[in-house]
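This report refers to the structure that appears directly beneath it.
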Amino acid sequence: MRILGIETSCDETSAAVVEDGRHAMSNVVASQIDIHQAYGGVVPEVAARSHIEVILPVIHEALDTAKVSWDDIDGIAVTHGPGLLGSLLIGTLTARTLALTHRKPLYAVNHVVAHTFANFLIEPEPQFPLLSLSVSGNHSHLLLFESLLEYRLLGSARDDAAGEAFDKVARMIGLPYPGGPQIGKLALQGDESAFKLPIARLDNPYDFSFSGLKTAVLRALQHAVGADFRLHSTQIPALLTDQQKADMAASFQATVCQTLVASLGKAYTQYQPKSVVIAGGVAANTRLRQEVSAQLPITMNYAPIQYCTDNGAMIGAMGYHLALAGRTSDPLSLTTNPSLPI
Ligand code: KG4
Ligand code: ZN
C-alpha cells in the first residue's frame, strides 16, 4: 500500500510516498529556513504564504521521484495538528482537495505522534512496548507505545521545548536560526564543564522544563562579560570571545542532553520497553545520540537526520497504520487543530 504523506505544520513543506509504512520511496522537503533567518525565527504569515507557493510542486516532485502516478497512490495522509494554524490549513486544504479530485481515502495525522514513526522507516523495526523521546522546536514528549496506534504520554515540557531552548540560547551567543545544528557544531570546540548549569527537578520525573536553564545561561553570560542582569541579551554576543561562545554551546548542550536522558533512563527502568527511539529535530543532535547510547543498556538505532526534522515520510508512515485500522477522515469536513492533543 502506498500513502502520500503531506506535512506543513511549521516551516517545512514536505511530501513523501511511503510504501507499507516502512519504505520511503521519496521524501521531498522544501525548507523555509533562509526566509525566516532574517527574522531570527519563524514568522507564521510568511510561513503560510510560502507553503501555498511550493506545496503543489513539492507533491508533484514526491510522485516523480517515487516514479509513481496518482493511480499508484492508495491514500493521502496529512498533518492536521498541532502546529501553526495558517501553515496547517494549507496542508489540510490541499490534501482534502486532492483526496476528493483523485478519489483517495484521507488520513488525519497528529504531527507530534508521527515523529516517532520516522523510526519505522529504518532497519531494524522497533519492537513494542516502545519508549519514544520526541523532542522538537515546539514540543518535548516522552511517549510509551503499547502498539502502533496505542500510546500514552508519560511526560512533556512544562514550558519551553528542548529545540526552542536551543534556538534561544543560540541567539544569545550570536548564532543564526535554527540554533540546534549551529550549537552542535560550535560545541565541538568548547569545554562542557566551563559553565555549571542547573537541571530542573519536577514532581513528575518524565516532565521537562527548560525555561530556568535558559535564564541560567543568560545570567552566566552576563556574568562572563562582567555585566549584571540589566545587560540585554542582544548585546551579549558582541562582548563574548569565540572560546566563551563555544564553551557555552558545549555546556548548554550537555545539560539539555543530560536532562533528557535522565528522564528517558528512569522511564526505561520503570517500563522495561523492548525498544527505545528518539525523534524530532533535536534527535538529530550527535551529543544527544551519544548520551542516549552511553546511558541506556540497549542497542540504539537512529533515524537519518532528514527523518528527524519535519518531513512527509513520517506522516505517510503513520497514515499507513491509520489506513490498516480503517481510520479515515472525511475530506469535506476535516478540520485543523493548532493545539491538537496527543
Ligand atoms: O521537528 P522539527 O524539525 O520541527 C518542529 O516540529 O518543531 O524540529 C526543529 C527543532 C529546532 O528547534 C532546531 O533547532 C532543532 O529542532 N534541531 C536541533 C538539531 N537539528 C535541529 N537541535 C539540536 N541539535 C541538532 N542537530
Ligand atoms: Zn516536528
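So if I take the centroid of the Cα atoms in the range 225-265 and the same for the range 78-113, what is the distance between those two points in Å?
Each part's Cα centre sits 38 Å from the other's.
Around residue 25, which amide H atoms from residues at least 5 apart in sequence, or from another chain, sit under 5 Å from its own amide H, with H modelled in the peptide plane?
Residues meeting the amide H criterion: 17, 18, 19.
Mind listing the long-range amide H neighbours of residue 329? Cut-off is under 5 Å, sequence gap 5 or more, other chains count too, H placed in the peptide plane at 1.01 Å from N.
106, 107, 108
When the chain is modelled as a GNM with alpha-carbon springs shorter than 10 Å, which of 133, 324, 98 fluctuates the most?
Top of the fluctuation ranking is 324.
Using +1 on the beta carbon of Lys and Arg, -1 on that of Asp and Glu, and nothing else charged, what's the dipole of the range 168-270 about the Cα centre, debye to 20?
It comes to approximately 180 debye.
Measure up 185/214; 245/266; 67/274; 214/266 against 26 Å on the Cα-Cα distance and list the ones that go over.
Those over the limit are 245/266; 67/274.
What are the trypsin sites (Lys or Arg not before Pro) within the range 51-131 that DSSP puts in a loop, where the Cβ has at most 12 other Cβ atoms within 10 Å?
Of the trypsin sites (Lys or Arg not before Pro), the ones in loops of the range 51-131 whose Cβ has at most 12 other Cβ atoms within 10 Å are 67, 103.
I need the phi-derived Karplus couplings for the range 300-310: 6.51 cos²θ - 1.76 cosθ + 1.60, θ = phi - 60°, integer Hz, Gly and Pro marked x.
Result, rounded to whole Hz: 9, 10, 10, 6, x, 3, 5, 9, 7, 6, 4.
Just subtract the alpha-carbon distance of residue 332 and residue 227 from 0.36 nm times their residue separation and send over the number in nm, one decimal.
Contour length minus Cα-Cα distance gives 31.9 nm.
Work out the length of the dipole vector of the range 130-302 about its Cα centre, built from +1 on the beta-carbon of each Lys and Arg and -1 on the beta-carbon of each Asp and Glu, and round it to the nearest 20 debye.
The dipole magnitude comes to about 100 debye.
How far apart, in nm, are two points set 7 Å out from the Cα along the Cα-to-Cβ line at residue 70 and at residue 23?
Label at residue 70, label at residue 23, 2.5 nm between them.
Could you give the longest part of the chain that holds none of the chymotrypsin sites (Phe, Trp or Tyr not before Pro) found in DSSP loops with at most 15 neighbouring Cβ atoms within 10 Å?
40-228
What is the magnitude of the charge dipole of the chain about its Cα centre, with +1 placed on the Cβ of each Lys and Arg, -1 on the Cβ of each Asp and Glu, and no other charges, expressed in debye to the nearest 20?
Once rounded to the nearest 20, the dipole reads 600 debye.
Given the options 323, 24, 141, identify the residue whose Cα lies farthest towards the positive end of the charge dipole of the chain (+1 on Cβ of Lys, Arg; -1 on Cβ of Asp, Glu).
With unit charges placed on the Cβ atoms, the residue in question is 141.
For the chain, what is the percent of antiparallel DSSP beta bridges, rounded to the nearest 5?
Antiparallel: roughly 65 percent of the beta bridges in the chain.
Put +1 on the Cβ of every Lys and Arg and -1 on every Asp and Glu Cβ in the chain; which of 75, 229, 120 then has its Cα farthest towards the positive end of the dipole?
Value: 229.
Can you put 318, 172, 1, 25 in order, fewest other beta carbons within 10 Å first?
Listed from fewest to most nearby Cβ atoms, that is 1, 25, 172, 318.
Every number here is computed from the coordinates shown, using simple stated rules; none is lab data. These figures come from a predicted structure and were not determined experimentally. As a convention, Cβ positions derive from the backbone with ideal geometry for all residues, glycine included, and neighbour counts pool all protein chains shown.
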